[in-house]
Each structure stands twice: as structure tokens, then as C-alpha cells.
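The values are calculated or read from the model by the stated rules, or taken from the named source; none is laboratory data. Please read all numbers here as calculations on a predicted model, not as lab measurements. A quick note on method: Cβ atoms are made from the backbone with ideal geometry, for glycine too, and the neighbour counts reach across all protein chains shown. Accessible surface is based on the protein model in full, side chains and every heavy atom, while ligands, DNA and RNA are left aside. Shrake-Rupley method; radii C 1.70, N 1.55, O 1.52, S 1.80 Å.
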Amino acid sequence: MIDVRPSQQMRDLGVVQHGAGILAEPALTFTLPAERNEAERITDELFAAMERIGQVHPFAKGMGIAAPQIGIGRTAAVVQPPGDAPAIILLNPKITDRSDELDEQYEGCLSFFDVRGLVPRPLKITVETTALTGETVTTVYERGLARLIHHEIDHLDGLLYTTRMRTGITPIPVEEYRQTGRAWAYEQ
């Protein structure tokens, strides 16, 4: 049996990998409701990608995917919280407030799935999104869900979690991460 690296597995499932220019560029916002059909189409593609990925990798702590990760440079992302909670669709999301209190946990990224990195993030964020009808919606997210949402918004801003890591801290191989006992995001 051939051992396929996690990043190769994600590439095979259609996830754009680290080094691709689209992951380093800010995505274009939607004009809603004028671009409603486009936003719905992209959201459907994100859900389809999550479904494909979820069939080969369990995500007990939740997962998310942003449009640039499937090669679309628009400000759309989908986050599936852990458990049976409904998925969260983020269109034109902006973090408008964040707590000063931080939590540092390991994160993984579908775009470089061979490693995990310790990332400090606010325990609470306030996010403005645009509804398909054009209204602005404000939601407060806390703890693990705040981390997932923040990670995806970073993708839409052209940032990877490595830019958030403390100086001197580098990602570790997924095999080493699994031995830390600190499993968190994107991992069972």
C-alpha cells in the first residue's frame, strides 16, 4: 500500500496547496444582493468540497474552507462547527472586535495538511457578514468557534495561520503533533 501524505490527499480532493498565489491575495468582496447567484454558486462549491474532504478525513472539532482554497478569489467561506450544529456561511466577513484575552492552540490547514502550528487567537471575536439580501449581520463567536471563523477570515484576507504564530515558533509535522496530546482544530 502506498502511503499518501495528507497534503497530497487534500490536493487530490481539489484543495489549493501552500505556495499558490491565490492563497496570498485578498479575495474580492461580493456586491449583494446583485451577486446573489454568484455567492450561492460559490457557497454550493464550498459545501461540495467539504463533503468530499469529510468522506476521507474526520473532523471531530469542526472544519472550515474558504473560497481561495478551492481556487476562487471571492470572500466566501463555510465553517462546520463540531457536532450537529448547522454550518456557518461567511460572505464578506470582517472582524470588527476581538477580545484581548488570547488562547494558543494547534491549528491545521487543508492547504498544508502535513503540519500543525501553535497559533494564538482571541477567545472572542465579533464578525460582520453580508446576507444574500444585502443586509449586514453581526455575530459574536467564542472559543473554538471563534478560532475556526478567524482562521477562515484570514484566508479571505490572504493570510495563512503561520503569519499569526509567535516569533520562533514553527509548524511541526502532523505525526509529531499527534504525540503532543494537544489535538485541537481539524483533527480527531
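For the stretch 20-167, the fraction of 1.4 Å probe accessible surface lying on carbon and sulfur atoms is 50 percent. On a per residue basis, the chain carries 49 Å² of accessible surface, using protein heavy atoms and a 1.4 Å probe. Less than 15 Å Cβ to Cβ from residue 97, Lys/Arg counted +1 and Asp/Glu -1: what total charge do the surrounding residues give? Computed value for this residue: 0.
3J(HN,Hα) along the stretch 73-78: x, 10, 7, 9, 8, 10 Hz, from the Karplus curve 6.51 cos²θ - 1.76 cosθ + 1.60 with θ = phi - 60°, whole Hz, x for Gly and Pro. Couplings 3J(HN,Hα) of the stretch 170-177, computed from phi: 10, x, 10, x, 4, 5, 5, 4 Hz, in residue order, whole Hz [Karplus 6.51 cos²θ - 1.76 cosθ + 1.60, θ = phi - 60°; x for Gly and Pro].
In a DSSP loop and with at most 14 other Cβ atoms within 10 Å, the GluC sites (Glu not before Pro) in the stretch 98-168 are 101, 135. The residues packed around residue 67, meaning those with a beta-carbon under 12 Å from its beta-carbon, carry a net charge of -3 if Lys and Arg are +1 and Asp and Glu are -1.
Taking only the C-alpha atoms of the stretch 1-149, the Rg (one decimal) and the largest Cα-Cα distance, Dmax (whole number), read 15.5, 52 Å.
Just name one of 118, 87, 66: the one whose Cα is farthest towards the positive end of the charge dipole of the chain (beta-carbon charges, Lys/Arg +1, Asp/Glu -1). Value computed over the given set: 118.
Close amide H contacts of residue 105 (hydrogens built in the peptide plane, cut-off under 5 Å, sequence separation of 5 or more or a different chain): 119, 121.
The string of couplings for the stretch 157-163 from the Karplus curve (6.51, -1.76, 1.60, θ = phi - 60°) is 8, x, 10, 9, 4, 4, 6 Hz, one whole number per residue in order, with x for Gly and Pro.
Summarising the amide proton neighbourhood of residue 98: residues at separation of 5 or more, or on other chains, whose placed amide H is nearer than 5 Å comprise 126. Each Lys and Arg adds +1 at its Cβ and each Asp and Glu adds -1 at its Cβ; summed about the Cα centre, the chain shows a dipole of about 280 debye.
For every other residue with a beta carbon closer than 14 angstrom to the beta carbon of residue 123, add +1 if it is Lys or Arg and -1 if Asp or Glu, then tell me the sum. Counting the neighbours of residue 123, the net charge comes to -1. Taken about its Cα centre, the stretch 1-51 carries a charge dipole of roughly 140 debye when the Cβ of each Lys and Arg holds +1 and the Cβ of each Asp and Glu holds -1. Set Lys and Arg Cβ to +1 and Asp and Glu Cβ to -1, take the dipole of the chain about its Cα centre, and tell me which of 55, 144, 130 lies farthest positive. Positive-end residue among those listed: 144.
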